[in-house]
Structures are given as structure tokens and as C-alpha cells.
Ligand SMILES: [Fe+2]
């Protein structure tokens, strides 16, 4: 069974974002576990949490980019929406009674490939702009984390 280990080249050097990306990889690995254990309930459960968490992460990232005045914000948002559409399609396949483990395997492979590519390309592009804003906006970050995730990250 394929297990994805976080590698240092995926770190953007922005702790608040890196920890969220790691969490998404954890969920993808939980899908691995659900396949290994042939546990259908777990597939559905992890899928739900992965979807919720990813949407929260995107919302946070987008607000951060807006706050930072990032010029490619709209294009970045579109990439996020396409990813959400993809998750919704997988969810639909699960609900339509397709083989849950077959779908889970496709989710695992496709999402991980997408995530790595997105982090290394689109996300990497905003790093300098966001780093600048992080220094002066710590209280804004904490407020946004609380608004979107309901609690400070890592709590
Ligand atoms: Fe992103």
C-alpha cells in the first residue's frame, strides 16, 4: 500500500500553510488505511473530512492571498474551484454506488499528484508576497484561522 511521506521540498516555509498541507496529506494517507482495511464506512468518513478540511484550507489561503494583495489571486481561486469540483465528482461516484475501494484508489492517486503539483507551482508562486504580509499581520492570521477552522491551528 502506498503511503505518502511528507518531503521537505513540499514545505513552502510558511508554517501556517505547511501544517494545513500536511494535514491534507494525512487525510490522503487515511484513505490508504481505509483501503488496506477494506473499510467502506471509513472511506466515506475520511472523504467527508478531507472535503471539509480542504475547503477550509482553500478559504483560508484565499483570504490570506487577498489580504496580501496577491495579483494572481483570481487564477489561484479558479484552480481551487476545479479541485473542489474534482472532489465533488469522486464523492458523487461513491454515493452512486461505484466500488468504493476503486474510487478511493483513484482519489488517492489523483489528489496526491494534484496536491504536489499545486504546492510546487501555484502555491510556491505566492510565497514571497505572503511572507511579507505575515510579518505584520499576525493578529489577522489568528482571527482568520479562528473564523474558518473554528479554532487556532494546531490547537
Ligand atoms: Fe493553493
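No value in this document is a laboratory result; all are computed from the given coordinates. Owing to the predicted nature of the structure, the values given are computational and were not obtained by experimental measurement. Methodologically, a virtual Cβ is constructed for each residue, glycine included, from the backbone with ideal geometry; neighbour enumeration extends over all protein chains shown.
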*asked:* If a residue must be surrounded by 17 or more Cβ atoms within 10 Å (Cβ to Cβ) and within 16 Å of residue 114 (Cα to Cα), how many such residues does region 25-45 contain?
replied: 5
*Answer from 131, 89 - the residue that is within 16 Å of the ligand (Cβ to nearest atom) and either closer than 19 Å to residue 27 by Cα or in contact (Cβ under 8 Å) with a residue 60 or more places away in the chain (or both)*: 131
*Within region 14-35, can one find any residue that is within 11 Å of the ligand (Cβ to nearest atom) and closer than 14 Å to residue 126 by Cα?*
yes
*Examine region 46-61 for a residue that is more than 14 Å from the chain's Cα centre (by Cα) and either within 15 Å of the ligand (Cβ to nearest atom) or surrounded by fewer than 16 Cβ atoms within 10 Å (Cβ to Cβ) (or both), and state whether such a residue exists.*
no
*Can you tell me which of 94, 65, 111 is in contact (Cβ under 8 Å) with a residue 24 or more places away in the chain, touching a helix residue (DSSP H, G or I) at 6+ places or on another chain (Cβ under 7 Å) and within 11 Å of the ligand (Cβ to nearest atom)?*
65
